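The values are calculated or read from the model by the stated rules, or taken from the named source; none is laboratory data. Remember, predicted model here, so these are calculated numbers, not experimental data. Reconstructed Cβ throughout: ideal geometry from the backbone, glycine too, with neighbour counts over all protein chains shown.
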Amino acid sequence: MDASALAAALRSRLGDEAVITDRQRLRTYECDGLAHYRVVPALVVLADTVEAVAMTVRECARRGVPFVARGSGTGLSGGALPHADGVLIVMSRMREILEVDRDSQRAVVEPGVINLQLSEATQPLGYYYAPDPSSQQVCSIGGNVAENSGGAHCLKYGFTTNHVTGLELVTPQGDVVELGGKAPDSPGYDLLGALVGSEGTLGIATRVTVRLTRSPESVRTLLAAFESTDEAGAAVSAIIGAGVIPAAIEMMDALAIEAAEAAVQCGYPEGAGAVLVVEIDGPRADVEHVFDEVERHCHEAGAFEIRIARDDAERALFWKGRKSAFAAVGRISPDYIVQDGVIPRTALPEVLRQIASLSTESGVRVANVFHAGDGNLHPLVLFDDSREGEATRAEEVSGAIIDLCITHGGSITGEHGVGADKAKFMPRMFTDEDLDTMQLVRCAFDPDSISNPGKVFPTPRLCGERPGRHQGVHQLAEAGVAEVF
Amino acid sequence: MGAGIEELQRACDGHVTSATEADAVLGVQPSWVASPASTQEVAALMRVAAEHDLAVLVRGTGTKLAWGNPPKRCDVVLDTRRLDTLVEHAAGDLIVVAGAGRTLERVQQDVGGSSQRLGVDPPRQGTVGGAVASGSTGPLRLRHGAVRDLVIGMTLVRADGVVAHSGGKVVKNVAGYDLGKLLTGSFGTLGVVTEVAFRLHPVPAGQRWVVADVASAQDAQAAVQDMVHSQLMASAVELDWDDGHGRVGVQIEGHADAAAGCADEARDLLGSGATHEERPPGWWDEEPQWTAALLKVTHEIAGLPRLLDAIARSEQASGLRAALRGSPAVGVGLVGLRSNTDSSGDARAGSASGDAGSAGHTGDPSGDGLADAVARFTESLRDDAASFGGSVVLLEAPTGVRERVDPWGPVSGIDLMRAVKAQFDPGRLLAPGRFVGGI
C-alpha cells in the first residue's frame, strides 16, 4: 500500500500529531506483551474520538488497508501485533470515564480507561469493576473487551463478557453502531456476546458500558502450604466439592514459589511443594462460616501451615507472590514462555503429573501457577535462549502442554487469547467445520478481512458474495482522485 | 416437496409424520413433523431441507412457539424431544452436557442429586433448547447470570447441514468466537442447537425469602435499591406489581448457618411489615396474570419507577390493565395484559398451543378492539422506553396484533444482524421471518 498517501489523507483530517510515520517512533508499537513477535506497522494513528476511529477505519476500508486496534499493549497472545502494511490505531488516549451510574450499577467508559482506575473511581461508592486480570494496573478496558479478559476472581464473578452490557462499535466499514446499553437483553442477536473476545477482528469498541459490582462486606484470605501439588489439588477438590465458590483459589508449585520469593520476598512458608491462596468474600456472617470450612478442608488435605490474613496489608502480601509470578520467573531463568491452557478441574492432578514427566524427559523446567478453581493453568516454561536448541525444546514442551489440555477436554487458552500466537493450535481444538462456522461471523462483520487480519484463525475464509456491498471500481478511483493500492 | 418426504424419512430413521392443525405456528401450517434423535440425523435432515428448499422450524415442548413473528413459511417442524440425552454430568467439574430436547426439569433432576443446579429458572419450563433459543430468564438470574452466561459449549447444525461446535466443557475458555452466545436468544434462526454444555452451581444449603409490600412506584424503587446496594448479595430480587402496588420478594442463599441471619438483615432493611419466610411466596417465578397479551420489558435498574409510571400511562392509553412480574435488580420483567372487565384470579391463557389469546379468552374489548388495545399499549410503552432505558417485546398476543405492531420493536444493529443471518442461513430455511426485522 502507499502509506504516504494514506498518512496524508489521515493527517488532513486528524492533524499532524495524531499520525505517526517516523520509523523510530513506529518501532515503539512493534509488539504487545508477547514481545518475541515484532512487526513495525506502516503507520500509527493516535485516536482521540470515535469520529477519528471511524474516519481512520473508513479510509482503511476504501483502500483495503488492514488495521489493528491497540489498547495498553499488555496482551500475551500477540492480539495487538501490528500489520506491516497496515494502520495501528492506538486507543489509549480515549481514557475518560464518561459516566458512573451507581443506582443502575453501570459505568460507561472509553476503551482506553485502565481497568484498575475504574475500580478506584467507583470504590468510594462501594463498587468496583470485577474482572481483574493480573495486568489490571496498566491494561485497558478496550483491550479486556477484545480479549474477554479474566483474572483471579473470575471463578466467582465471571469474565469480561459477563460484565459488558453495551458497546459503541466502529464496524470494519467505518460505521458507528450502538449495541446494548445499561439494560440487558436488547432485542436481536447477542452481538455483544460475539464481539467480546473476538480479539479485534470484528471492529473496534469506542465506548463500553460495564456492570459495576457491589464491594463485599467481608473478604477473608488464607495461604495454605502443602508438601505437594497433589495435596493442594485434593484441598481444591474438597472445597469445590463442598459447594463453596471461593472468590479466588490460586495455586503455585515449588518452582513458582522459589521465583516469587526471589523477586518480591513474599515470605511464603519454607519447604512448600505447593501453596494455595484462597479468598472468600460476601456477607460477613456467610464468610465466617464458609471460611472455617475452607480452613478445615485445607487441614484435612494435609496443609502443614495455614496463614490467615489479618488485614489488607497481609492479604496484599499473599497476593503479591501470586500476581508477580510471571515476571518473577525472570529471576530464575533468563527466558520463559507463559502458557495459558485450561483443563477440567478434576483432571488437575493427572495433568500436573504429566507436565512433570514432560519436564523430566525434556530437561526443560516448568513452573506452575494457576487459577485452580477453574482449571486454568499457567505453566511457565523456562529456558535460556543463549544456549543452542533450548528455545526450540521449550516451544515443544509448551506445545505439548497445550496438547495435554486438549486431550483432557480443555482449551488452548483460558484468558490470554488466541491472537497471533495460538492460531496454529486452533485446528487441534476445533474441526475445519467449527472454524468455518466461526468465520461466518467474521464474514458478516468484515468480509474483506481488514480488521486485525491473521489473528485467531489459521486460515481466512473466503466470504463469497456480499449482497448490498460496493463492488467494482471505487468512484474516487474511477474519477482519478484516489489510487487503488 | 413430494420427493423430499422419503429423504426426510431416511434422514430421521422413519420418525417423520404428517403435521396436523395442532402443529401450526401462529397460523402457519407445516407439512411434516420430523423427530431426529441425534446430531447426525439433524444434519441429514438439514441437508435434505437445503436440497429441497424446505423451511424448518425447531420446536421443543412448544411452550414459547407463539412468541415472535409468524414464520414466513414452514414446511417441517423439527421436534427436538428425542434429542434428550444426558450426555455428561461431571459433578466435580460443575458442568452438564445435555441434548437440546431434554427438559429443564429433567436436567435439574440429573444434577440435583449432587446438590447442584442449572441457574435457569424461567416461569415456562420447556426444554434446554427452548430456554437457550429464547434466552429464558428467571429469578436466579441475579445470582447466576443469564442463560448466555451459563452456556459454555454448544453443538449446532447449520442450515446447510454442517455440524459445528463452539466453546467446550470448561468454564474458562476464550478460544475462537463465542458462537454459543450468538445462538442463545436467536430463536432458531441461525442454526439447530442439538447439544448444550452448561456451567452448574452448587445449591446453597441455606435458603430464605423475605417479602415486603410496596404501596407505590417510589416504595418499589426504594425497596429494590435497598437490596441492590446492600452487601447481602441476594440471589434474587423479584417484584410482583399490579394496580399501582405490589410486593418485593428477596431470596437469600448461603451457608446453612448464615442464611437466616442474612434474611433477618434483609427484613430489617425492607422496613416494618417485611416478613421472613422459609418458603418462596406463592407468586415466585410465575408469569404475571394475563389474558390478552404478555410482553417482555427491560430497563435500567434505576429506571424501575419510570417503567411503572409508563405502564400506568399505557394502561390509560389502551384501556387495558397491566401486571408486572420481574427481576428489577437485573432489569427485566414480564408484563401481562388483561381487559378491564376480566376478573382477577387464575385467568391466565394457556399458550402451549401457539395460538395465544384468540379473542374468546377475553371479555370486552374483544376481537379487533382487543388487538387495537394491545397494539396501543405496546406502542405507548415503547414511546416511553427511553425514559426507563429499555425495550418492549411482545411475546403472546391475540390474532391481529402482529399486523398492527412489530412484536420486536426497534432494534439497534439490525444491519449487522441481517448480515449474520445471511451468512448462516443464506437460503432462509430456519424459521424465516420469526425474529427481529423479519430475519
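List of remarks:
Matching residues to (1) more than 30 Å from B:Lys421 (Cβ to Cβ); (2) more than 10 Å from chain B (Cβ to nearest Cβ); (3) touching a Leu at 6+ places or on another chain (Cβ under 9 Å); (4) buried (at least 19 other Cβ atoms within 10 Å of the Cβ):
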| position | (1), (2), (3), (4) |
| --- | --- |
| A:Gly200 | no, yes, no, yes |
| A:Gly203 | no, no, yes, yes |
| A:Val219 | yes, yes, no, no |
| A:Leu222 | yes, yes, yes, yes |
| A:Glu227 | yes, yes, no, no |
| A:Ala235 | yes, yes, yes, yes |
| A:Leu255 | yes, yes, yes, yes |
| A:Glu261 | yes, yes, no, no |
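Conditions tested, residue by residue: (1) modelled with pLDDT of 95 or more; (2) within 14 Å of chain B (Cβ to nearest Cβ); (3) in a helix (DSSP H, G or I).
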residue	(1), (2), (3)
A:Leu352	no, no, yes
A:Ser357	yes, no, yes
A:Glu361	yes, no, yes
A:Val397	yes, no, yes
A:Ala400	yes, no, yes
A:Leu404	yes, yes, yes
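- The residue that is surrounded by the fewest Cβ atoms within 10 Å (Cβ to Cβ), counting only those in segment B:199-232 that are free of Cβ contacts under 8 Å to residues at least 40 places away in the same chain and hydrophobic (A, V, I, L, M, F, W, C), is B:Ala215.
- First in segment A:86-106 and under 30 Å from B:Pro305 (Cα atoms) and free of Cβ contacts under 8 Å to residues at least 60 places away in the same chain, second anywhere and of a type in the set (Gly, Ala, Ser) and part of a strand (DSSP E or B), Cβ under 9 Å, 6 or more apart: A:Ile97/A:Ala107; A:Glu99/A:Ala107
- Of the residues contained in segment B:397-405, none is found to be farther than 21 Å from A:Val170 by Cβ and within 9 Å of chain A (Cβ to nearest Cβ).
- Among the candidates B:Trp241, B:Trp209, residue that is away from chain A (no Cβ under 11 Å) and closer than 30 Å to B:Trp408 by Cα: B:Trp241
- Considering residues of segment A:140-156 that are under 14 Å from A:Glu199 (Cβ atoms) and of a type in the set (A, V, I, L, M, F, W, C) only, the residue farthest from the other protein chains (Cβ to nearest Cβ): A:Val145
- Residue check, A:Arg393 at pLDDT 95 or above, assigned to a helix (DSSP H, G or I) and within 11 Å of another protein chain (Cβ to nearest Cβ): no
- Residue in segment B:285-307 that is in a loop (DSSP other than H, G, I, E, B), out of contact with any strand residue (DSSP E or B) (no Cβ under 6 Å at 6 or more places or on another chain), within 11 Å of another protein chain (Cβ to nearest Cβ) and within 17 Å of B:Ser391 (Cβ to Cβ) present: yes
- Scanning segment A:418-447 for residues that are in contact with a helix residue (DSSP H, G or I) (Cβ under 7 Å, 6 or more places away or on another chain) and under 22 Å from A:Leu352 (Cα atoms), we see that the one that is farthest from the other protein chains (Cβ to nearest Cβ) is A:Arg428.
- Residue in segment B:182-192 that is buried (at least 24 other Cβ atoms within 10 Å of the Cβ), without any contact (Cβ under 8 Å) to a residue 12 or more places away in the chain and not in a helix (DSSP H, G or I) present: no
- Residue in segment A:272-284 that is over 30 Å from B:Val174 (Cα atoms), part of a helix (DSSP H, G or I) and not polar (S, T, N, Q) present: yes
- For segment A:281-293, the count of residues that are without any contact (Cβ under 8 Å) to a residue 12 or more places away in the chain, aliphatic (A, V, I, L, M) and within 14 Å of chain B (Cβ to nearest Cβ) is at least one.
- From the list A:Pro41, A:Pro66, A:Pro111, the one residue that fits, being touching a residue at least 12 places away in the same chain (Cβ under 8 Å), in the same structural domain as A:Thr206 (by TED's automatic domain parsing) and within 30 Å of A:Gln339 (Cα to Cα), is A:Pro111.
- Note on segment B:127-180: residues that are of a type outside the set (Ser, Thr, Tyr), in a strand (DSSP E or B) and at the interface with chain A (Cβ under 8 Å from one of its Cβ atoms) total 4.
- Residue match in segment B:245-252 (condition: within 10 Å of chain A (Cβ to nearest Cβ), surrounded by 23 or more Cβ atoms within 10 Å (Cβ to Cβ), more than 30 Å from B:Thr155 (Cβ to Cβ) and touching a helix residue (DSSP H, G or I) at 6+ places or on another chain (Cβ under 7 Å)): yes
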